[in-house]
C-alpha cells in the first residue's frame, strides 16, 4: 500500500517557480476551494507539493509553508475512516491512471468538522515524473443541505406511512404511471410486480368500481372539477382496500391536451371500517331505543291489564270455591280462569321483555344448571334432532334466576327446532370469555370484562338479513298464525338484559343461526337454596286484622273478600287518606298487617307505611303492584328486601304470603 504524503525537501521556491498563469488564476479565484499539484517522482512514491494555493490557510487553518514542509498535516485532519477510504482511492486511481473523485470529512484545529471534495488525476510529465493535478472544494453547505433534504424526505415518508398516503404521477403521452414507495406498501405488492400503465392499474380495481373510475378519470382529463375518485383496490392475497385518489391535471400549451395527471392516493380502509362500525352501532342503538320504548309501553299496559286480570282471576276463584260440586257453571268458570291465567302469562312475558319483572337471581354454575335441563330439552326438540352439549370444564359462576334460565333455553331450543324442521343438530356451548374494549366498542350496551358465554347454535334454515334486526321485537314472528305469539325471543332478550348480560345473534340463510349470551362473571357462589314445599292456603288466627289499601275498586273488593274468606278481619281503604283516618279512628294495636298497593294518588305505599309506622311501631307491610319492578323500585320498594306480591295473585299466594309475614312478626302488645 502506498503511504500518505511524506515530508520532503520543499520550499516556497516551488510556488514561485510555477509559470502556468492559468493555474495561478484558477488557484486565486476558486471560491471555497484550493488548487494543488503533487510530484510523485519517477516511481510515484516520492510525493512533493509542486504547487499549493494560498487557500490552504482558509480551508485548513495551515500556512502554505507548514504544509510544504509536512504534507501529512492535511492527512492528519481527515477523520480516520475517511482517511482510509482516501488512501484506497488514491491507490486505485494511481494503478488505473483514472480520476480520483471523493468526499471526505476534516476536523480543523478549531474542532469544527467540515466536508471536502477532492478531485484529481495522475499524469505523466515530460521529464518522466508522475504528477497529480487536483482541486479541493469545501462542500459542507451542500452536504448539510443534502442531509436536511434526506431528513425531510424520511420525515415526509414517515408521515405518508402514518397517514397511509402516497403520491403518484401519470405521464399521459407515454402512459407511464409512477407511484411513491408507500403505495406499494398499501397495495401489498412489490414495485416490480405493480402495473406501470393506467390500464394495467385499472385491472386491479374492483370490477364493480372500474366503470365509475374510468368515467371519473375521463371527466378529470376533460377539465371537469372532480376532486376525488373512491374505489376498491384488489390485494394479492385476496380482499380489497378502500382508496381515495385526489388528482390535478396539467395541460399542454394549447390548454386542451392533457399531459400529466398527478396527485396523491390514500388508504381509507380504516375510515371505512370505522364508518361501518359507527353505522352498525347507530343501528343497534336505534334498535335498542325502539325496544326500550316498547318495553316502557309494555310496562304501562301491564299495570292496567294485571289489575283487570286480578279481578277476573279473583272472582273466578271465589266463585269456584263457593260452587257446589257438581255444578253446571263450574266448567265455564274454569275456562274463564284458564284464559285469564294464560293472559297473565303473556303479561309476565311482556314484563320479562321489558326487564322489569321481579326475579330471584342466585349464583350458579351454568354447566350444572344446563345439565339438569338436557333431558327436558331433548323431549322438547324430538328424536329427529341431535342435541350436542359442549361445556367448558372450568366454567366461572354467574348470577341468574334459574326459572329464567329455563325460559332462555326453552325458547332458544324451540326456535332452533322449528328452524331445522327435520333432521339436524342443536349445540349448546358454555365458555369463559374475556371481552376487550375493541370488541365491546362494536356492541351497544356491552362493557369490557370477564363473561360466561352460553351459546345455542342450530343447523337450520337461518334468518334472512331483513328479518334479523326484528327478531327481539315482541309479537314479531315469521310463523303461521296460531304457531307462536312472537314473545319467545323478546323474553330471552329481556332476561339477558335484566341480568346485566348481552345477547348477540349471527345467522346466514341456509347456514343456521347462533345465539350467544354473555353473562357477567361472579366470584363467590351462594348457598344452595332448597325450594319450599307447597302448602295448603293457611288461614287466619283469632283476632288478626289487616288494613287493605287499594285505589282500584275491583281489586279492593276481591282482596277484601279473599282475606275475609281466610278468616281475617279486613279494614278496606281506597286512598292513603282513608287509611290514615281508619288508624285515627281505631286503636292502632288492633291492626296486625298493612297490605297496600305501591302506586297510588296522594302518596305511594312506602310513604304510607312510613306514616303508619309512627302510630304502629313494627307494623309489617305487604306491598302489591301490577306495575313493573323498576317502577315499584322508584317508590322505594325493593322486592329483594321488602315483602312484595305481584298482581294478579291467587288466593293461595295471598294466603301464604300473609301468613308468612304474620308468623315472622311479634304480635302487638295489647296494653300499648
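The values are calculated or read from the model by the stated rules, or taken from the named source; none is laboratory data. Here the structure is a predicted model, which is why all the values come from computation and not from measurement. Cβ sites come from the backbone with ideal geometry, for glycine too, and all protein chains shown count toward neighbours.
Worth a mention:
- Filter result (buried (at least 19 other Cβ atoms within 10 Å of the Cβ) and at pLDDT below 75) within segment 478-491: 487, 488
- Test for residue 78: is it over 60 Å from the mean Cα position of the chain (by Cα), within 21 Å of residue 40 (Cβ to Cβ) and modelled with pLDDT of 90 or more: no
- Residue 99 vs. criteria over 23 Å from residue 140 (Cβ atoms) and touching a helix residue (DSSP H, G or I) at 6+ places or on another chain (Cβ under 9 Å): no
- Verdict on residue 326 being surrounded by fewer than 17 Cβ atoms within 10 Å (Cβ to Cβ), over 50 Å from the mean Cα position of the chain (by Cα) and either at pLDDT below 85 or assigned by TED's automatic domain parsing to the domain that holds residue 214 (or both): yes
- Unique residue being in the same structural domain as residue 259 (by TED's automatic domain parsing), in contact (Cβ under 8 Å) with a residue 24 or more places away in the chain and assigned to a loop (DSSP other than H, G, I, E, B) when the list is 195, 236: 236
- If you go through segment 93-116 and pick out every residue that is at pLDDT below 90 and under 19 Å from residue 135 (Cα atoms), you end up with 4.
- Residue within segment 463-471 that is touching a helix residue (DSSP H, G or I) at 6+ places or on another chain (Cβ under 7 Å), surrounded by 15 or more Cβ atoms within 10 Å (Cβ to Cβ), in a loop (DSSP other than H, G, I, E, B) and assigned by TED's automatic domain parsing to the domain that holds residue 415 present: yes
For every residue, the table says whether it meets (1) buried (at least 16 other Cβ atoms within 10 Å of the Cβ); (2) in contact with a helix residue (DSSP H, G or I) (Cβ under 9 Å, 6 or more places away or on another chain); (3) outside any loop (DSSP other than H, G, I, E, B).
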| residue | (1), (2), (3) |
| --- | --- |
| 34 | yes, yes, yes |
| 50 | yes, yes, yes |
| 65 | no, yes, yes |
| 85 | no, no, yes |
| 110 | no, no, no |
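- The C-beta contact set for segment 102-117 (first residue in contact (Cβ under 8 Å) with a residue 24 or more places away in the chain, second residue surrounded by fewer than 13 Cβ atoms within 10 Å (Cβ to Cβ), distance under 6 angstrom, 6+ apart or interchain) comprises 105/113; 107/113.
- Inter-residue pairs, beta-carbon under 7 Å, first within 14 Å of residue 598 (Cβ to Cβ) and in segment 645-656, second at pLDDT below 85 and in a loop (DSSP other than H, G, I, E, B), 6+ apart: 646/358; 647/626
- Considering segment 180-198, and only residues there that are closer than 19 Å to residue 249 by Cβ and modelled with pLDDT of 90 or more, the residue that is surrounded by the fewest Cβ atoms within 10 Å (Cβ to Cβ) turns out to be 197.
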